[in-house]
Each structure stands twice: as structure tokens, then as C-alpha cells.
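Some notes on the structure that comes next.
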Amino acid sequence: MKIGRLVFGSTLLILVACIVFLQPGDSMAALRENLRSPNTGQQQVSAEPVGEVIVSDPVYPVLTAAARDLPPVVIEPTLDREINPRMDHSGQTASTVDVPGNRDPLLDIQLNAPPPSASGFDTPIFNFNGQGYTFLNPPDTVGDIGTNHYVQMINATLVAVYDKTTGNMINQFSLTALGGCTTGAGDPIVLYDHMADRWLLSEFGPGNSLCVLISQTPDPSGAYYSYKFNTPSFPDYPKYGVWTDAYYATTNESSPAAYALDRTNMLAGNVATSQRFTAPGLPGFGFEAMTPADWDGAMPPPAGAPGIFMRHRDTEAHGNCADTGAQDCLELFAFDVDWSNPGNSTFTKLPDVAMTEFDSNICGLTAFSGIPMPGVAKCAFNSLDPLREVIMFRLAYRNFGDHETMVGNLVTDASGNNDAGVRWFELRKSGASNWSVHQEGTYAPDSNGRWMGSIAMDGDGNIALGYNVSGSATFPSLRYAGRLAGDPLGTLPQGEYVIVNGSGVNGSSRYGDYAAMSIDPIDDCTFWFTGEYNATSQWSTRIAAFRFDECGGGGTDTVISRKIKSIYNHPNFPGLYLAKVQAVDPVAMTPVAGAVVDVTLTLPDGTTMPSAVANGNGWAKYQQATAGGGNCTITVDNITAPGYTFDPFQGVTTQTISCSVLESQLEWTETP
């Protein structure tokens with residue numbers, strides 16, 4: 001995220017806005033064989049409703065202890081064991097027939113990619129070991145980056161909080177020690193809700209339930225609101241996405257399930273509910289789950305945009321796609337939640353997105369093995385789980401204003417001979433058009449298996465992909481590759497680069513079950529990745545951060561800062577509206593002396609009320625007897641300061657809020 005570029009010298013001032021809505025009375029204010037042109041092969045097809053909504057009983061939260069006050073973590077040695085095996089609802093426990101395939105038709109595009117050209121991307125900013133072995137397999141390594149912290153979670157269930165400016169661990173705690181609905185049962189997820197400046201932590205709850213915790217403040221070492229959402233069956237492999245109207249989630253149940261969790265009330269620590277739909281199952285896979293889109297970037301999805309869910313369909317394995325026939329596709333679903341009248345909520349199948357042929361048959365369709373290691377042949381019972389069944393975490397969404405985009409990845413048999421590669425893709429959508437493929441590629445530059453990917457896009461449209469690598473002469477390792485927005489479509493020319501080389505054979509076939517690539521919400525340029533690798537037969541985890549120097553027009557001297565601003569109708573002074581404004585020097589990390597920020601409040605009747613803040617720090621005040629019903633907007637008109645020029649990121653200078661809410665938070669982000 002950026003908004004202002006320096007005229008003189010090397011300092012930049014940049015501004016961008018996003019907004020969070022809180023209800024009256026809220027206590028929280030912190031807000032190609034089938035190659036084709038990338039934009040063809042997509043019909044205009046009507047959406048189809050799927051199923052009926054199931055609404056949960058009201059869930060009353062429990063406020064946990066503060067994580068910073070918990071005792072130190074002590075890991076007691078035990079016999080190694082597998083935790084929460086991925087559930088196969090088909091009843092198949094062995095590999096299906098391994099059908100020989102064909103060489104991936106996208107490989108030659110990547111092989112003909114130009115040499116690396118990006119500066120800085122090859123040298124991680126941070127690269128250090130994360131949390132270590134807990135006598136459980138797999139670790140389910142996951143993490144996310146926030147304003148000041150990086151948070152990593154592993155089975156079962158440990159949380160580590162790092163200072164993102166130094167990489168030093170600040171705190172480590174057991175999720176179970178927090179209390180509430182926590183169980184230590186595993187399958188952790190952590191997401192930073194950048195719009196609200198809060199953290200979401202999750203694991204399996206008691207019985208059949210999802211335990212979801214929302215930080216009470218922006219500090220991940222503080223207390224959490226704990227919510228136990230019951231599910232009709234065991235909610236295997238839960239994944240989450242942050243959206244404007246809900247936290248959306250998916251699970252592997254008897255039918256693939258999609259959930260909406262009441263984000264607004266959860267942020268406030270109020271009673272909340274969930275809503276649930278299911279999608280039809282896919283033949284061929286036993287374990288299966290959809291993946292929800294997770295919003296990155298300053299610009300929110302269009303007003304009223306539904307949550308998006310995705311899965312892939314290999315027609316040779318699952319039968320034809322509804323809209324593309326025998327051509328492989330991505331199936332998309334839209335969850336349009338109505339919290340006031342749940343009967344109006346809908347879960348709708350969107351038109352399929354045609355994809356170049358991929359092959360989900362890696363040592364069959366159901367075996368939890370496939371990837372070789374030194375001394376372990378591919379497809380052997382103790383080879384590594386390829387996770388062929390899902391779009392890997394995260395499905396990263398971003399709105400650029402003139403178009404929306406999603407980037408994701410899945411594993412495919414790249415050679416036709418059970419050699420795993422990463423199929424990655426970028427979908428785009430403009431206005432009311434359907435989603436379609438903008439670009440796709442397969443990354444498998446040699447005979448080593450590449451899988452367990454996680455992908456994200458920065459604010460300039462550059463992409464980074466992190467993943468595992470393992471082969472007959474390569475121990476399970478972590479690497480990454482990427483592309484600048486202007487690189488040839490379908491290629492990852494930037495890389496391949498090593499995060500850490502492995503030196504041991506994993507003692508279990510279970511691997512992953514996922515990794516996490518996220519983007520710094522402050523500079524919107526720095527990628528943070530975490531995953532599993534093997535220094536010995538017992539797994540380790542790694543955390544790395546890297547960026548393209550080209551992102552944001554900056555160089556290696558780029559420094560990041562952010563301050564939070566708020567606008568609200570003061571409860572004790574009706575009609576008094578305040579907008580907190582700070583223009584921060586990103587190097588000195590202090591308000592810019594002499595900076596003048598012009599800010600205008602527009603009321604529902606069109607009345608405009610200009611104000612200004614001097615010296616880059618203060619409250620813009622607007623006095624009005626009543627704003628009436630409807631929405632108010634606040635606009636940053638200009639920032640003037642010696643040595644700076646106002647350059648709004650993606651043109652975002654205005655945000656709309658409801659005038660009837662007690663408090664709403666408006667966030668402005670400054671980066672060079």
C-alpha cells in the first residue's frame with residue numbers, strides 16, 4: 001500500500017485507505033494439448049443456486065486470558081504420532097488406479113521464460129527457523145503478517161509472535177492455555193484482518209466444532225474473543241478467508257461445506273452466528289474441500305460482493321465440467337450472506353473457468369503418498385503426501401479498481417509419470433463480467449517434485465510462489481520463484497531461489513498439510529512465507545520474507561510506517577465528527593513537521609465540511625447538529641509538505657461509512 005512519492009531526496013510519503021464497520025454499541029473501534037488464449041474458453045453462463053442455508057444457534061463468546069501472561073511453552077517428548085488424518089469420506093483407503101498421463105502442455109512456456117531480471121528478490125530480507133518439532137505429524141505450518149508482528153502457528157497448537165522489524169520472537173504460547181473453546185486438537189489457521197487491525201486464530205474445537213478466536217486488540221499477545229461454532233460433522237481441514245461482510249470458511253465434511261461467520265459481531269465481542277451451505281461432492285476424490293478467497297490490499301471488494309469459493313475439476317478424474325465440458329476447469333461458488341434475514345442468503349455456483357489440462361492423478365487419486373525423497377521412491381507407501389485434492393491455501397484476492405484478481409495454485413502431474421509440479425493461475429474479472437483466466441503456468445523445471453505451494457500478489461501485480469521441493473537426490477526443502485507484472489504471461493522467470501535446503505528424510509508420509517504466503521499490509525510489497533522442511537527425520541519450519549525492489553517504485557532503502565486514524569460521531573457530543581490524521585515520515589517514523597492535510601467530510605445531504613490538520617498530526621473537527629440517516633464520506637483532498645508530493649495509491653482517497661454507527665475506523669497507510 002502506498003500513496004505519496006518524494007519529489008526531492010529518497011523519502012516518500014504514501015497514503016491509502018480502507019475501512020471497517022462496527023455496529024452501534026460496539027466496544028471495539030479498531031475497525032493448451034489445449035493451449036488457448038488466456039481470455040477465451042469462457043462462456044457467459046447463468047449462476048445456479050446450490051442448497052439451503054443452515055443457521056447456527058447464537059454463539060456467546062468467552063474472553064480469554066492475555067497470551068502475554070501465559071506460562072512459557074514446554075514441549076514434552078512423546079511417541080511420534082499422526083494428528084488429525086485427513087478424512088476420506090469415499091471409504092477408499094488405498095490408491096486408486098494410477099493412470100499414466102501426458103506431459104503438461106504449459107511446461108514449455110516456463111522453459112522458454114526469460115532470465116531473472118528483478119533486483120533484490122533473490123535475497124531474503126529475513127530467513128530464519130520458525131517453531132520446531134512437536135512429536136506430531138504433519139505440522140500444518142501457517143502464518144500471517146500484520147502491522148507490527150508476524151504470527152506463526154503449528155500443530156498442536158502452538159503460536160509464535162515475532163517482531164516483524166527484527167525477526168525476533170516476542171512471545172510463544174499454547175493455544176490451549178488461552179482457554180475458551182481451545183483444545184490443542186490442531187489444524188491451525190492464522191489470518192491478519194488488515195481492515196480491522198485484528199488477528200484470527202483457529203483450530204478444531206470440542207467435539208464437532210470450529211474454535212475461532214478474534215484478538216481483542218491489534219496485539220496478538222493480548223486477549224481473544226473465543227467462539228465455538230458447532231458443525232454437523234467433524235470439520236476436517238478448515239480454511240478461512242477475510243471478507244468485508246464475513247469471515248468465510250471451508251471444511252471437508254460428508255459434503256464440501258462453506259461457512260460464513262458474523263465478522264462484525266465477532267470483532268465487537270458480541271453474540272454471533274454462522275451460516276452454512278454445502279456443495280456437491282466430486283467423484284474420484286475421497287478427501288475434498290473448497291478454498292475461500294482471502295482479501296489482500298487496500299481497496300475492498302466491490303460493495304455487496306459475495307465471498308468466493310473455489311475448487312478444481314480434472315475431468316478425467318471427476319467427469320465433465322458443467323460449462324466447459326471435457327476441458328478441465330475451476331469451479332467457483334458465491335456466498336451472498338444476509339445477516340438480517342438468513343433466508344435471503346444464497347450459495348450460488350458461478351460459471352466454470354476453463355483451464356489448460358492438468359492432471360490430479362499423482363500415484364492415484366486418494367493415496368496420502370507420492371513425492372519421492374532420497375532412498376524413498378515416488379509412490380512408495382512412505383513417500384510424501386502430494387495434497388492433490390485442494391486449491392492450496394491461500395486463494396489471494398485483490399481489487400485494482402479497474403479489475404479484480406485472484407491468484408491460486410494446485411499440484412499437478414507435470415510429466416505424466418507422477419512428477420509433481422505446481423500449476424499456478426491468475427483469474428481476472430472486470431465489472432459484471434465472469435471470472436476468466438488471465439494467465440496460468442506450470443512450474444516444474446526439473447525432475448524433483450514441487451508441491452505444497454502458497455502464492456500471493458503484491459500491490460503492483462507482481463507474484464511470488466513458495467513451495468516444497470523433494471526428489472531422489474533432494475531432501476525436502478523450501479524454495480520460491482516469482483514474476484514481475486510485466487514478465488511474459490504464464491511464466492515465473494524470477495527464480496528459482498532457495499529458502500532452505502533440507503538434509504533429512506521425513507519420518508512420516510504426512511507432509512504440510514499446507515504452507516502460507518502473505519503480503520505485508522503496510523508496504524503492500526513484502527512477501528512473507530512459512531513452510532515445513534527437513535533438517536533431520538523430524539520436521540522443522542522456516543519463515544522467510546522477500547520483495548521485488550521494483551514494487552512501489554522503491555529501492556532497497558524503502559522504509560515502512562503506518563498510523564491509524566479514526567472518524568466517529570462522538571457519543572457524548574452529538575454532531576461532533578472527528579477525523580484523526582497523521583502524515584508520517586517513513587524514515588524518522590514521526591509526523592512530518594509542516595505537513596498540512598486537507599480532509600473533507602461529506603454528509604448524506606451533500607453538505608461538504610472541509611477541515612485541515614497542521615504539522616501532519618491532529619484531529620480534523622466537523623460540527624453538525626445531525627447527519628441524518630445514510631452514509632458519510634471522508635476524503636483526503638491533499639497533503640502538502642516540503643519535499644513531498646501527494647500521489648494517491650490506485651486513486652483511493654475517499655471512503656464511505658454509515659453516519660449512524662457509533663464508531664468506525666479509517667486506516668491510512670504511509671509507505672515510501
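The values are calculated or read from the model by the stated rules, or taken from the named source; none is laboratory data. Because the structure is predicted, anything quoted here is derived from the model rather than measured. Heads up, the Cβs are rebuilt from the backbone with ideal geometry, glycines too, and the neighbour counts pull from every protein chain shown. These area figures cover heavy atoms from the full protein model, side chains too; ligands, DNA and RNA do not enter into them. Shrake-Rupley method; radii C 1.70, N 1.55, O 1.52, S 1.80 Å.
Quick look at the numbers
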quantity: Protein-only accessible surface order, largest first, of 392, 299 at 1.4 Å; calculated: 299, 392
quantity: Added length on full extension, which subtracts the Cα-Cα distance from 0.36 nm per residue, residue 66 to residue 117; calculated: 13.7 nm
quantity: Accessible-area value, residue 311, 1.4 Å probe, nucleic acids and ligands omitted, Å²; calculated: 10
quantity: For residue 462, residues with placed amide H under 5 Å, excluding near neighbours; calculated: 485
quantity: For residue 82, solvent-accessible area (1.4 Å; no DNA, RNA or ligand), Å²; calculated: 90
quantity: Label-point separation in nm, residue 640 to residue 165, each point 7 Å along Cα→Cβ; calculated: 3.2
quantity: Residues with amide H under 5 Å from that of residue 307, placed H, sequence gap 5 or more; calculated: 335, 337
quantity: Length gained when the stretch residue 108-residue 54 is fully extended (0.36 nm per residue, less Cα-Cα span); calculated: 14.7 nm
quantity: Area accessible to solvent at residue 187, 1.4 Å probe radius, in Å²; calculated: 0
quantity: Modelled FRET efficiency - R0 45 Å, residue 315 with residue 271, Cβ distances, 0.05 increments; calculated: 0.50
quantity: Entries of 239/429; 239/349; 164/429 with Cα pairs more than 25 Å apart; calculated: 164/429
quantity: Exposure rank, largest accessible area first [537, 518; 1.4 Å]; calculated: 537, 518
quantity: In Hz, Karplus ³J(HN,Hα) per residue of region 123-131 (6.51, -1.76, 1.60; θ = phi - 60°; x = Gly, Pro); calculated: 10, x, 6, 10, 7, 8, 5, x, 5
quantity: Two-site FRET efficiency, residue 234 against residue 176, from Cβ-Cβ distance with R₀ of 25 Å, rounded to 0.05; calculated: 0.85
quantity: Most to least accessible of 428, 479, 68 (protein chains only, probe 1.4 Å); calculated: 68, 428, 479
